[in-house]
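Written out below as structure tokens is the structure these notes cover.
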Amino acid sequence: MAVVALRREEPDRGKSAVDASMASRLDEVFDNPLRTTDVELLTIRDLTVRFGGLTALSAVNIDVGHHDLVSIIGPNGAGKTTTLNAICQLIKCTGEIHFAGRRIDRLAAWRIAAAGIGRSFQDPPLIDHYTVLENVLCGAHQRLRYGMLHQVFWPPRVRRFEARMARRAMTLLDFVGLADQAGKDAGSLSFGARKLVDIARAMVSGPRLLLLDEPSSGLDEAERHSLRAILLALRQEKRVGILTVDHHMDLVRSTATHVVALQAGEVLMAGSPAEVLDSARFRVAIVGGSRADEKLAAELPNEPPPSDNDTGDGGREEEL
Amino acid sequence: MSRARLLVRRVPSVTWGIALLAVMTAYYVAEASSFHLFVLNTCLLAVIGAVALNLLMGTAGLVSIGNSAFMAVGAFTAVWAIKSGLPFPLDLVAAALTAAVAGVIIGLPALRLRGLHLALATLAGFFIVIYFATLYQSKGKGGGSGGFYIPVLYQQQGFIGGQQYWAWTLLVMVSLLLIGATQLAGRRSGRAWRMIRDHEIVAHTLAIPVTRYKMLAFAISSALIGFQGALAAHLSGSVGVDSFTLGLAIAYIAMVLIGGLDSVLGAVIGAFLVTALPTLVPIFITAVVGQLKTASQGPAFAEIIYGLLVIVFITSSPQGIVGLLRNLRHGATAWASRRGRSQAEAA
Amino acid sequence: MDRLVVSLFGGGNLGGTYALVALGIVLAFRATGTFNFAHGQFMLLPAFVVGAWQAGSGGPLWIPVVEGLIMVSALGVVFYLLVLQRTVGLLHFMGVIATFGLAAVLDGAFLIQYGSPQYSIDVPGLPKGVVTLLGAHLSAQELTLTAFTLVLAGLVAGALRFTPVGIKIRAAGQDAILASQGGINVRLVYVGSWALAAALAGVAGIVYGTSNLVNHSMVDVALAAFPAILIGGLDSIEGAVVGGLLVGIAQGFIATYLGPQYLDVLTYGLLLVVMLVFPQGILGTRTVTRV
């Protein structure tokens, strides 16, 4: 299943991620960062998931530092999405998960989200008849400090909070480049735009950790470019920790601080992108095992990894 | 900030609905036909139940086919409250609260079941409630096979006068309900319920306490339906367990569907249509076909018609009448803009 | 002792009816994923046709039976083709609501066509008289019909399990894509499932009408088949038969020992308990979607 294309990407030199006004607006959104770096952001120990007789994950350990971008990679069925689902407690698992000093693996799923973990999905689950803006607002539930009684009896308070949240949502839509589509119905959007709306929705509550499930799948090249810029900006601005699942190796190379390779539910290896992606062990395990085409396997690059992590130049596009 | 304000949901069309209802009420009160007024009052009452069911099924996506059981709960609680000495408006409150509790109990399966299983659980709940209601009717003081009798509200105003008073009372109550329901169906709670309806698993990841919202949906809708049941008891003066049937529950589902799921205005339209059908149908048929054989055929034809409407709408326009109106408006706007453009080009 | 026998056989009689109805509902469910809440009306249609025929001109019984069964099968097929096929992409309960619409239409049509009659069906050639068993007096006619319904249900279930046609029907109900890739005309199977389901309901209605009055209350019998389906397992054909029999016998005992006023509440209480505690039933396979 190789898509090997020779392409040179132009390095984005000299372009800083965000300008000052956007930075201060992002401050409004990510208004609840962790003050101390004494505790780890996310620590996963011994995570095991079993479905019936099948072991989907086996004793997986992952760490995500405060402003890391950790990418989980591996072939289909390796357990990547399962890992994210386990963190969110959408499926049953054993093991320990600590988030910002708290143990979360026994909490109800919504409380985990309320603790500051945002999640996006492979197939963006939007409400088609809502506008883009309203879809993003769906993620603001916990930050809207009013209840049903207010909605019925005290509209001014509701209006105030809604306006505040709408500002935040517009900030994020600006950030992902969809501000001009804010009033469109979500059902009319392209798949790539829907993914960005999903990501904006995950961010609107100002989480400390973002879990992004295959954010780049289904995107065309321009959209992947935007996504990379977004991820790099988040990293550079030190807003959130990010844990992604991804197939696009060039994206992983250029955005991740750490890479965790999963295979058949176990951690194969972990380290910096260069360490993992260029290691012989990784190639043999993942690449050699799944490709029947020896010739193609022989064509894989042996060139040194790009030294400049932030600009994603060079190399080929590899897709597992 | 103004950019954001413009894009958040526009003013709901419920204001038009309330205005129309007010005009209708004023007209029929002035006309002073007791029959027309009675039909109007029954329609207004039905709006309460339809709006409640729309919130539960259309907005929150929780299918309930036992809703006439909550009417029974409300009606019988009102009876019990009156007999225990509670004065008029308070028995309505008691009815609503009891129905809410019953709704939460019946909704407990909703925590673990979805879709068809939930429908069956509400069906089971219906039969269980009816059992207890039958028990109360046969054992309670003043009961009997004919049911209970309570004083009709506004009876002192005379026959027509009573109906007129009822009409204004119901108009005020229904208008308040429509405003409140529209508020609840939007904003934070509306978004939460719709996420639960469309993508329940994902709702958890947006920090939405799904269980709480499901229970609230059942509690609120049951309370409203119980309130309606109690009001209906005061309108007709009699409460008998036989009048709370599955057929009645199906009629309310038809109202919500024909009007348009997840639309407060749709619930109003559907409620009026289905409730007035048994009265309109004989007129229509007599005009077109000739005299009906017996008086009972009016409701029978009405049943056929709203059953067919349900099927037709499901297969062609699942958004109901409201959906049709919306498409018409989009079509008209598109036509108008095309015409405007071509006129500009011609000029 | 005689009460035990009466409960057992009276319940068995009901159980046979439930088995046929439940079988039909499961067949329809496997085809389209909807519970048919108009199944009671499917029972009633042929029963009305037969009852009206016998109350009227009279004549050989097979004519109205065949006519009624053909009508109801055709109704099921038409409903599937025109309505249920279009509900595929919609919210999950739309198919169920469509069956409610059908139930309303049929109810209205029955009222207009037949009024509110109290027909009863008399099948000639059945043994009359009384059979005494362990001190209990049982109607020979009822026993024969009980045997008939149970045998029929067993035959249909057996045919579905063992004959080539039956295997195709089961495969299509299990996994439509695989089945169609295996050369099975899935649409035809679904149409046939609905026709068969409706016909089974019709037979159950006619049989029920021989020992009970044929009037609108018969539709409640079909509703009582839902606990049977859940006990047997939602998508299990054999489970429907077993569940139907169990529920019937349970109702027989409740009616005899506790009293008929407890029938509904205990039957549906049982439904709730089964759903919450034991949702896959005895023989079912599908998992309930839990949060």
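The values are calculated or read from the model by the stated rules, or taken from the named source; none is laboratory data. Remember, predicted model here, so these are calculated numbers, not experimental data. FYI the Cβ positions are ideal-geometry reconstructions off the backbone, even for glycines, and counts take in every protein chain you see.
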Query raised in the report: Which of the residues spanning the range B:232-272 are surrounded by fewer than 22 Cβ atoms within 10 Å (Cβ to Cβ) and within 14 Å of chain C (Cβ to nearest Cβ)?
Result: B:ASP242, B:THR245, B:GLY247, B:LEU248
Query - Answer from B:ILE65, B:ILE105 - the residue that is surrounded by fewer than 24 Cβ atoms within 10 Å (Cβ to Cβ) and within 14 Å of another protein chain (Cβ to nearest Cβ) - result: B:ILE105
Query raised in the report: Give me the pairs: first residue in the range B:68-85 and touching a residue at least 24 places away in the same chain (Cβ under 8 Å), second residue surrounded by fewer than 21 Cβ atoms within 10 Å (Cβ to Cβ) and of a type in the set (Lys, Arg), beta-carbon distance under 8 Å, and six or more apart or on different chains, which are they?
Result: B:LYS83/B:LYS141
**Report entry** Condition check for A:THR48: farther than 21 Å from A:SER120 by Cα, outside any loop (DSSP other than H, G, I, E, B) and of a type in the set (Val, Ile, Thr)
**Finding:** yes
Report summary line: Flagged in the range C:213-232 as over 16 Å from the mean Cα position of the chain (by Cα) and of a type outside the set (A, V, I, L, M), in numbering order, are C:ASN215
Query raised in the report: Given the structure, is C:ARG86 free of Cβ contacts under 8 Å to residues at least 60 places away in the same chain, part of a helix (DSSP H, G or I) and in contact with a Ser or Thr (Cβ under 8 Å, 6 or more places away or on another chain)?
Result: yes
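Take B:LEU224 and tell me if it is modelled with pLDDT of 95 or more and away from every other protein chain (no Cβ under 11 Å).
Working: modelled with pLDDT of 95 or more: yes; away from every other protein chain (no Cβ under 11 Å): yes.
So B:LEU224 fits the description; yes.
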Query raised in the report: So how many residues does the range A:86-106 have that are out of contact with any helix residue (DSSP H, G or I) (no Cβ under 9 Å at 6 or more places or on another chain) and either surrounded by fewer than 19 Cβ atoms within 10 Å (Cβ to Cβ) or facing chain B (nearest Cβ under 9 Å) (or both)?
Result: 7
Query - Of all residues making up the range B:297-337, the number that are loosely packed, with under 13 Cβ neighbours inside 10 Å and either within 12 Å of another protein chain (Cβ to nearest Cβ) or hydroxyl-bearing (Ser, Thr, Tyr) (or both) - result: 4
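Is the range B:13-29 home to any residue that is under 30 Å from C:LEU90 (Cα atoms), part of a helix (DSSP H, G or I) and within 14 Å of chain C (Cβ to nearest Cβ)?
As a first pass, look at the range B:13-29 and keep what is under 30 Å from C:LEU90 (Cα atoms): B:13-17.
Still in the running and part of a helix (DSSP H, G or I): B:14-17.
Those left that are additionally within 14 Å of chain C (Cβ to nearest Cβ): none.
No, the range B:13-29 contains no residue that is under 30 Å from C:LEU90 (Cα atoms), part of a helix (DSSP H, G or I) and within 14 Å of chain C (Cβ to nearest Cβ).
Would a scan of the range B:157-174 turn up a residue that is within 26 Å of C:ASP264 (Cβ to Cβ) and out of contact with any Asp or Glu (no Cβ under 7 Å at 6 or more places or on another chain)? Steps first, answer last, please.
Our first condition is that a residue be within 26 Å of C:ASP264 (Cβ to Cβ); within the range B:157-174, this holds for none.
Within the range B:157-174, none of the residues are within 26 Å of C:ASP264 (Cβ to Cβ) and out of contact with any Asp or Glu (no Cβ under 7 Å at 6 or more places or on another chain).
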Query - Subset of the range B:150-208 [outside any helix (DSSP H, G or I), hydrophobic (A, V, I, L, M, F, W, C) and more than 8 Å from every other protein chain (Cβ to nearest Cβ)] - result: B:ILE150, B:VAL152, B:LEU153, B:ALA185
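Among the residues of the range A:118-139, write down those that are aliphatic (A, V, I, L, M) and more than 8 Å from chain B (Cβ to nearest Cβ).
A:LEU126, A:VAL132, A:VAL136
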Report task. May I ask you to list the residues in the range B:237-262 that are of a type in the set (Ser, Thr, Tyr) and touching a helix residue (DSSP H, G or I) at 6+ places or on another chain (Cβ under 9 Å)? Result -> B:SER243, B:THR245, B:TYR252
Requested in this report: For A:ALA202, indicate whether it is in contact with a Lys or Arg (Cβ under 9 Å, 6 or more places away or on another chain), small (Gly, Ala, Ser), in contact (Cβ under 8 Å) with a residue 24 or more places away in the chain and closer than 24 Å to A:ALA233 by Cα.
Outcome: yes
Requested in this report: Report yes if A:ASP63 is of a type outside the set (A, V, I, L, M), more than 10 Å from chain B (Cβ to nearest Cβ) and on the phi > 0 side of the Ramachandran plot, otherwise no.
Outcome: no
Query raised in the report: Are any of the residues in the range C:108-118 in a strand (DSSP E or B), more than 14 Å from chain B (Cβ to nearest Cβ) and either modelled with pLDDT of 90 or more or surrounded by fewer than 20 Cβ atoms within 10 Å (Cβ to Cβ) (or both)?
Result: no
